[in-house]
Amino acid sequence: MDSDSLHYSLDFTAGNGLTLSSEQRAALQTSLVILKRSYKFSRVLFWGKILGIKCDYFIAQGVEEDEMKKNKSLYSLNCLDWHLLPQATESMTADVALAAQGRFTGDPSHEYEHTETSTEGEGDEATEVEVTVKVNEASRLATTVSNIDKDVSVVPRGAFTKSPSGKVQINRSFGGLHPTEAAKLRNYLHFREPVNLKKKSILKMSELNPALDFLDPLSEDIPKGSWSLQLERGGTVCVLRSLLWLGLTFFHVPQTPQHGYIYMGDGLINLDLPFML
């Protein structure tokens, strides 16, 4: 969610009981402004909080010219001092998936280690070789933030536009979804590079607006039922909660441009989802 509207946006997503203290809110409102000026971001988003055993990680993201490309993620342990996270690569993701287990400790320098024994050669010449994979918690944090963004980052349809040159920007004329449209899951989109859109037929693509329908709708997610859509505060606020990443909450106020999402959880994917549906 945008740091400029953080103070009142947090109230819309506090229905699950997870929120920030008044001290943390005050510290964020000051430090995120300094962060925006220091790194010369066009805008700064407060991404959320990942709970650790010793300390919690507060995550912010800086947006540059293109809303979908080269966004930088930063973490803080006290809501004041921010440190840049490395970019999540495929090799880093593979190492984290292999070595990192359990909850986050809260120490960015903590190292996870995994040793595997593999056999090289055949017959009498076969030898056992030990391969050790080491990864620190800062890399795990970067990978987790990237995975959550790819799986469950949400925007309402029409909030962003794509220019003919491929640049994604905020739609300044977006006035919010109509209340009847806000209650439909197909009007909410994954804010990532599209996956299912490329598989659509030419006939279906001709029915889409290329400036607005350049993302995948949540209604096409597999398995079905991985999202909880509710209208709160007498139907004036639409709230989406992910059952895949428990702790991800999105809000949208119909007929206004107000929307945003925040993650507050332990950073572990819900592997029990297929058995919950």
So, with a 1.4 angstrom probe, what is the percent of accessible area on region 2-42 that is carbon and sulfur?
-> 53 percent
In whole angstrom, note down how far apart the Cα centers of region 217-238 and region 7-48 are.
-> 24 Å
Once the in-chain neighbours fewer than 8 apart are removed, the aspartates and glutamates whose Cα is under 16 Å from LYS204 read ASP213, ASP216, GLU220
For PHE160, other-chain or 5+-apart residues with amide H closer than 5 Å (H placed, Pro excluded) are ASN171
For region 215-220, Karplus couplings with θ = phi - 60° (6.51, -1.76, 1.60), whole Hz, Gly/Pro x | 10, 7, x, 5, 5, 9
Heavy-atom accessible area per residue - the chain, 1.4 Å, Å² = 53 Å²
Distance between Cα centroids, region 127-187 to region 245-277: provide it in whole Å.
-> 12 Å
Please name whichever of SER163, PRO217, TYR263 sits farthest to the positive end of the charge dipole of the chain, dipole taken about the Cα centre and charges placed at Cβ: Lys and Arg +1, Asp and Glu -1.
-> SER163
For region 61-66, Karplus-derived ³J(HN,Hα) couplings (6.51, -1.76, 1.60; θ = phi - 60°; whole Hz; x for glycine and proline) come out as 10, x, 9, 9, 5, 8
Checking region 158-238 for GluC sites (Glu not before Pro) in a loop per DSSP with at most 14 other beta-carbon atoms within 10 Å yields GLU207
HN-Hα J couplings of region 28-41 from phi, Karplus 6.51/-1.76/1.60, θ = phi - 60°, integer Hz, Gly and Pro as x?
-> 5, 4, 8, 5, 6, 5, 5, 4, 4, 6, 5, 9, 6, 7
To the nearest 500 deg cm²/dmol, what mean residue ellipticity at 222 nm is calculated for the chain from DSSP H runs of n ≥ 4 alone, each contributing -39,500 (n - 2.57), summed and divided by the residues?
-> -6500 deg cm²/dmol
Rounded to the nearest 10 degrees, the helix 90-99 long axis (Cα) sits at an angle to the longest Cα principal axis of the chain of 60 degrees
How do the peptides 170-176, 212-218, 25-31 rank, highest first, by the average count of neighbouring beta carbon atoms within 10 Å per residue?
-> 212-218, 25-31, 170-176
Between 0 and 90°, nearest 10: helix 137-152 axis offset from the chain longest Cα axis | 40 degrees
How big, in percent, is the set of alpha carbon pairs in region 17-96 lying more than 17 Å apart?
-> 50 percent
Considering the values (i) 178; (ii) 201; (iii) 153, which represents volume of the Cα convex hull per residue in Å³ as calculated for the structure under consideration?
-> (i)
In debye to the nearest 20, the charge dipole size for region 77-207, taken about the Cα centre with +1 at each Lys and Arg Cβ and -1 at each Asp and Glu Cβ, equals 1920 debye
Taking the Cα centre of region 1-76 as origin, work out the dipole magnitude from +1 charges on Lys and Arg Cβ and -1 charges on Asp and Glu Cβ, in debye rounded to 20.
-> 280 debye
Rounded if a/c is under 1.5, else prolate if a/b is larger than b/c, else oblate: which is region 135-192, with a ≥ b ≥ c the root eigenvalues of its Cα gyration tensor?
-> oblate
Computed Rg/Rh for region 1-134 (Cα atoms; Rh = Kirkwood radius) stands at 1.14
With every protein chain in place, region 160-206: carbon and sulfur % of accessible area (1.4 Å) = 58 percent
Long-range amide H partners of GLY260, meaning residues 5 or more apart or on another chain whose placed amide H is closer than 5 Å, are PHE251
Show the residues, 5+ positions off or on another chain, whose built amide H is closer than 5 Å to the amide H of ALA183.
-> none
In region 105-188, what is the count of Lys pairs whose alpha carbons are under 26 Å apart, counting only pairs at least 8 residues apart or on separate chains?
-> 5
Dipole in debye (nearest 20) - the chain, about Cα centre, beta carbon charges: Lys, Arg +1; Asp, Glu -1 | 1840 debye
Aspartates and glutamates near LYS49 by alpha-carbon distance under 19 Å, same-chain residues fewer than 8 away left out - which ones?
-> ASP2, ASP4, ASP11, GLU23, ASP81, ASP107, GLU137, ASP149, ASP151, ASP266
In region 50-159, carbon and sulfur make up what percent of the accessible area (probe 1.4 Å)?
-> 45 percent
If you take the square roots of the eigenvalues of the alpha-carbon gyration tensor of region 148-277 and sort them as a ≥ b ≥ c, do you get rounded (a/c under 1.5), prolate (a/b over b/c) or oblate?
-> oblate
Please name which of THR19, SER146, PRO108 has its Cα lying farthest along the dipole of the chain towards the positive end, using unit charges on Cβ (Lys, Arg +1; Asp, Glu -1) and the Cα centre as origin.
-> THR19
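The values are calculated or read from the model by the stated rules, or taken from the named source; none is laboratory data. Model, not experiment: these values are computed from the prediction. No Cβ is skipped: glycine too gets one built from the backbone with ideal geometry, and neighbour counts run over all protein chains shown. Please note that ligands, DNA and RNA were not included when accessible areas were found on the heavy atoms of the full protein model with its side chains. Shrake-Rupley method; radii C 1.70, N 1.55, O 1.52, S 1.80 Å.
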